[in-house]
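Notes to accompany the following structure.
The values are calculated or read from the model by the stated rules, or taken from the named source; none is laboratory data. Source: prediction; values computed, not measured. Because the Cβ atoms are built from the backbone with ideal geometry, glycine has one as well, and the counts that use them run over all protein chains shown.
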Amino acid sequence: MTVDFSASANIPRRATTADAATVARLLHDFNTEFDTPTPGPDALKRRLTYLLAGDDLVALVVGEPATGLAVLSFRPNVWYEGPVAILDELYVRPDQRGQRLGSALLTAACDLVRRRGGELMEINVDGEDTDARRFYEARGFRNTEPNRTDPLLYYFREL
């Protein structure tokens with residue numbers, strides 16, 4: 001299938017609360033595909049119905065029906081004037097990959113961060129996920145600070 005980027009269905013748009021079930025299903029499918037725990041689409045839909053109504057979490061979707069998404073969280077940060085965004089998730093259904101939908105979503109996400117006054121977008125990638133690392137690095141993201149060679153590391157602890 002060839003994607004026509006002139007078609008409005010293939011231009012990312014911001015999801016609304018009416019899209020909560022669709023975003024929930026895509027997130028659930030993403031986690032299922034990569035054998036990652038998921039609370040299930042119903043629990044995700046409940047959370048997203050609340051979160052998508054605000055401005056701290058934004059989901060972008062592409063396709064009609066939606067076949068890909070990007071989820072961004074925004075927060076204040078002492079080092080930047082505007083908000084810092086983290087790209088929580090970027091997913092395109094397997095049968096739609098290779099059609100630049102992921103690139104369109106990432107570009108739209110970066111544009112949104114800039115429009116909101118943000119200067120930094122962070123992305124966490126599993127070390128062994130070489131495809132994702134290659135994807136982000138090809139688009140200017142890096143895991144080292146300027147003039148350094150040691151990689152940045154992400155630590156977490158569930159509380």
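Check whether at least one residue in segment 65-79 is closer than 16 Å to residue 22 by Cα and surrounded by fewer than 20 Cβ atoms within 10 Å (Cβ to Cβ), and report yes or no.
yes
Are any of the residues in segment 83-101 assigned to a helix (DSSP H, G or I), within 15 Å of the chain's Cα centre (by Cα) and farther than 25 Å from residue 156 by Cβ?
yes
Identify the residue in segment 1-32 that is surrounded by fewer than 16 Cβ atoms within 10 Å (Cβ to Cβ) and modelled with pLDDT under 85 and, among all such residues, is farthest from residue 111 (Cα to Cα).
1
Hey, can you tell me all the residues within segment 129-150 that are polar (S, T, N, Q) and surrounded by 14 or more Cβ atoms within 10 Å (Cβ to Cβ)?
The answer is 143, and nothing else.
Is segment 108-120 home to any residue that is closer than 18 Å to residue 36 by Cβ, assigned to a loop (DSSP other than H, G, I, E, B) and modelled with pLDDT of 95 or more?
no
Among 120, 101, which is farther than 22 Å from residue 61 by Cβ and in contact (Cβ under 8 Å) with a residue 24 or more places away in the chain?
Going through 120, 101 in turn, the sole match is 120.
All but one of (1) surrounded by 12 or more Cβ atoms within 10 Å (Cβ to Cβ); (2) modelled with pLDDT under 95; (3) under 15 Å from the mean Cα position of the chain (by Cα) hold for residue 126, so report the exception by its number.
(1)
Quick check on my filter: what residues within segment 26-35 are under 16 Å from the mean Cα position of the chain (by Cα) and of a type in the set (S, T, N, Q)?
Within segment 26-35, 31 is the sole residue that qualifies.
Name every residue in segment 73-82 that is outside any strand (DSSP E or B) and either touching a Leu at 6+ places or on another chain (Cβ under 7 Å) or among the aliphatic types (A, V, I, L, M) (or both), in order of residue number.
Of everything in segment 73-82, those that are outside any strand (DSSP E or B) and either touching a Leu at 6+ places or on another chain (Cβ under 7 Å) or among the aliphatic types (A, V, I, L, M) (or both) turn out to be 78, 80.
All but one of (1) on the phi < 0 side of the Ramachandran plot; (2) at pLDDT below 95; (3) of a type in the set (Asp, Glu) hold for residue 35; which doesn't?
(1)
What pairs can you find where one residue is in segment 58-85 and farther than 27 Å from residue 10 by Cα and of a type in the set (Gly, Ala, Ser), the other is modelled with pLDDT of 95 or more and assigned to a loop (DSSP other than H, G, I, E, B), and their Cβ atoms are less than 9 Å apart, with a gap of 6+ or different chains?
82/76; 82/116; 82/117; 82/118; 82/119
Scanning segment 37-54 for residues that are assigned to a loop (DSSP other than H, G, I, E, B) and over 15 Å from the mean Cα position of the chain (by Cα), which turns out surrounded by the fewest Cβ atoms within 10 Å (Cβ to Cβ)?
In this case the residue turns out to be 37.
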